[in-house]
Amino acid sequence: MTRTVLLALDTSTEFCSVALLLADPASGPASGSASDPASPSTTAAAPPYESGGVRVWFRHEVTGAVSSTRLLPAVRELFADAGLTLADCTAIAFGAGPGSFTSLRMATGVAQGLAFGLNVPVVPVSTLEACAEAARIGTPSLAPRVLVALDARMDEVYWASFKAEAEAEADSDSGWRTLHPASLSAPDAIVLPDAPFALAGNAAQAFGDRLPALAAASQVDREALPHALPVALVGLRMYRAGRAVVPELAAPVYVRDKVAQTTAERMQARADKTDANAEALR
């Protein structure tokens, strides 16, 4: 294998997340990092993640609505940290969604713009698959089947289920086989895997007992969220498997086609919440 320098971007949540991956066969295997890249407390000063000849520098910061002002400066910082330049870049991976509409378009647009300028391909990575990867990084003994459930707001959940696979398996180009594709539903409408599974994502925290998957899961990682480090790791596998595309084919994956609730829906949601609180006090 030749050396690969892959830039990864994710702005699907309130975090601005950027990673720079260097896969250099000539460097030999490296020991795994003890840092926890999936934690929301991760700061800009996080040390590089290293494993199996792959080193990843990253920034993961809460920026809210101003991710656009932080994205490109973070890219410049990471290349400086790694002693590389943009001209060294081999490919660009990005969190394609689901997630915040505006934020997904931001990462897609920046990935496309950089890729056009550098004449490199892009790798769209599912943010839900990245969450599964983040959970596996944080818990090496994670169950092979992972149900990812993220708070989608409007009393709904983005979710999908995956099975971890070895790189040698012919139908595995990302390290994960999709058992149920990315979907949007009420928290109690999620289809549970038919074998023991881990639950990853912030829906467990957001919905609690309203999420049946929480009680059914053998393991729970509430901290696993979209993050540029797992986007980079999944993106590297996809790139090596030939899953990169030309920049003009990069596109967000929204899943939801409705941005906000109607006034009537918001009023009904408030009424339901009031009724539930009153029932709880009886």
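None of the figures in this text is laboratory data; all of them are computed from the coordinates on show. These numbers were taken from a predicted model, which means no experiment stands behind them. Note: ideal-geometry Cβ built from the backbone for every residue, glycine included; neighbour counts use all protein chains shown.
Distance between the C-alpha centers of region 187-255 and region 87-111? Whole Å please.
17 Å
Once the piece of chain linking residue 165 and residue 51 is laid out straight, how much longer is it, given 0.36 nm per residue of separation minus the C-alpha distance between them? Each step should come with its number before you reach the end.
Details: separation 114, 0.36 × 114 = 41.04 nm, distance 1.76 nm.
In short, 39.3 nm is gained.
Can you give the extra length, in nm with one decimal, that the chain gains between residue 251 and residue 180 once fully stretched, where that is 0.36 nm per residue apart less the Cα-Cα distance? Before the final figure, lay out the partial values.
On the way: separation 71, 0.36 × 71 = 25.56 nm, distance 2.08 nm.
Using 0.36 nm per residue and subtracting the Cα-Cα distance, I get 23.5 nm.
Once every Cα of region 128-221 carries one equal point scatterer and solvent is ignored, give the base-10 log of I(q)/I(0) from the Debye formula at q = 0.14, 0.18, 0.23 Å⁻¹, two decimals.
Relative scattering, expressed as log10 I(q)/I(0), comes to -0.44, -0.71, -1.14.
Ranking 179, 128, 72 by Cβ neighbours within 10 Å, fewest first, what do you get? Intermediate results must be reported in sequence, preceding the final value.
Values: 179 17, 128 33, 72 14.
Going from sparsest to densest Cβ surroundings: 72, 179, 128.
Counting other beta carbons within 10 Å of each Cβ, put 24, 209 in order, fewest first.
On the way: 24 15, 209 9.
Lowest to highest Cβ neighbour count: 209, 24.
Once the piece of chain linking residue 88 and residue 188 is laid out straight, how much longer is it, given 0.36 nm per residue of separation minus the C-alpha distance between them? Could you put the intermediate results ahead of the total?
Working: separation 100, 0.36 × 100 = 36.00 nm, distance 4.67 nm.
Stretched fully, the residue 88-residue 188 segment lengthens by 31.3 nm.
With a point put 7 Å past each Cα toward its Cβ, work out how far residue 141 is from residue 222 in nm, to one decimal.
Taking the simple label geometry, residue 141 and residue 222 are separated by 2.1 nm.
Quick check: from the Cα gyration tensor, does region 120-181 come out rounded (a/c under 1.5), prolate or oblate?
Values: a/c = 1.86, a/b = 1.32, b/c = 1.41.
Taking the square roots of the gyration eigenvalues as a ≥ b ≥ c, region 120-181 is oblate.
Given points 7 Å out from each Cα along the Cα-Cβ axis, report the residue 195 to residue 155 separation in nanometres with one decimal.
3.6 nm
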